[in-house]
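A quick write-up on the structure given underneath.
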Amino acid sequence: MKSQQAYNCIRWIAYVLGGLLTAFFLFFIVAHIIGGEEEQLQKGLTPMEISFFVFLGITLVGLIVAYFKPLLGGCLAVVGSLAFITSQCMERGEIWSWSDGQYYYLLLLPGILYVIAGFLKIQLKSKE
């Protein structure tokens, strides 16, 4: 019974955090598209900007998939977040520094919670 309650609690926290993070990402994507930055688009994207969009895109896809398949989506979100954090640290010349990018680590939280919820779900099914 306690395992079921823990699963539900972790799952709902992950749903709320993942939903907020997804809405946050989508807001900035829409703002970037509507923003009309034609000059920047004509210049093209730098490799760092491309990696920024790709890794955050993987994280976003992972958070969306996690609503249906928590373990798979959580793994995608964690991998995308880790790749994003690593690329940002490499751009600054620091390896896994807490300074100037501490909020990036919050990207990991929903993914980790989804992975935990996925494993708890497997454990609960095996007990039945």
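Every residue, every condition in (1) in contact with a Phe, Trp or Tyr (Cβ under 9 Å, 6 or more places away or on another chain); (2) within 30 Å of Asn8 (Cα to Cα); (3) free of Cβ contacts under 8 Å to residues at least 12 places away in the same chain; (4) among the aromatic types (Phe, Trp, Tyr), yes or no:
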position: Ile58; (1), (2), (3), (4): yes, yes, no, no
position: Gly62; (1), (2), (3), (4): yes, yes, no, no
position: Gly80; (1), (2), (3), (4): yes, yes, no, no
position: Gln102; (1), (2), (3), (4): no, yes, yes, no
position: Gly118; (1), (2), (3), (4): no, yes, no, no
position: Ile122; (1), (2), (3), (4): no, yes, no, no
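Quick one: which of Ala6, Ala14, Ala31, Ala77 is among the small types (Gly, Ala, Ser), surrounded by 14 or more Cβ atoms within 10 Å (Cβ to Cβ) and modelled with pLDDT under 90?
Among Ala6, Ala14, Ala31, Ala77, only Ala6 is among the small types (Gly, Ala, Ser), surrounded by 14 or more Cβ atoms within 10 Å (Cβ to Cβ) and modelled with pLDDT under 90.
So for region 43-54 (the condition being closer than 21 Å to Val115 by Cβ, more than 12 Å from the chain's Cα centre (by Cα) and either at pLDDT 95 or above or among the basic types (Lys, Arg) (or both)), does at least one residue qualify?
Checked against the condition, which is being closer than 21 Å to Val115 by Cβ, more than 12 Å from the chain's Cα centre (by Cα) and either at pLDDT 95 or above or among the basic types (Lys, Arg) (or both), region 43-54 yields no hits at all.
Would you kindly identify the helices (runs of 4 or more DSSP H) lying entirely within region 1-91 that contain at least 2 residues that are under 30 Å from Lys127 (Cβ atoms) and of a type outside the set (A, V, I, L, M)?
By residue number, 2-34.
Against the definition (at pLDDT below 90, over 19 Å from the mean Cα position of the chain (by Cα) and in a helix (DSSP H, G or I)), how does Leu124 come out, yes or no?
On the way: at pLDDT below 90: yes; over 19 Å from the mean Cα position of the chain (by Cα): yes; in a helix (DSSP H, G or I): yes.
So Leu124 passes the test.
The values are calculated or read from the model by the stated rules, or taken from the named source; none is laboratory data. Only a predicted model underlies this, so the values are computations on that prediction, with no experimental measurement involved. For neighbour counting, all protein chains shown are included, and Cβ atoms are generated from backbone atoms with ideal geometry for every residue, glycine included.
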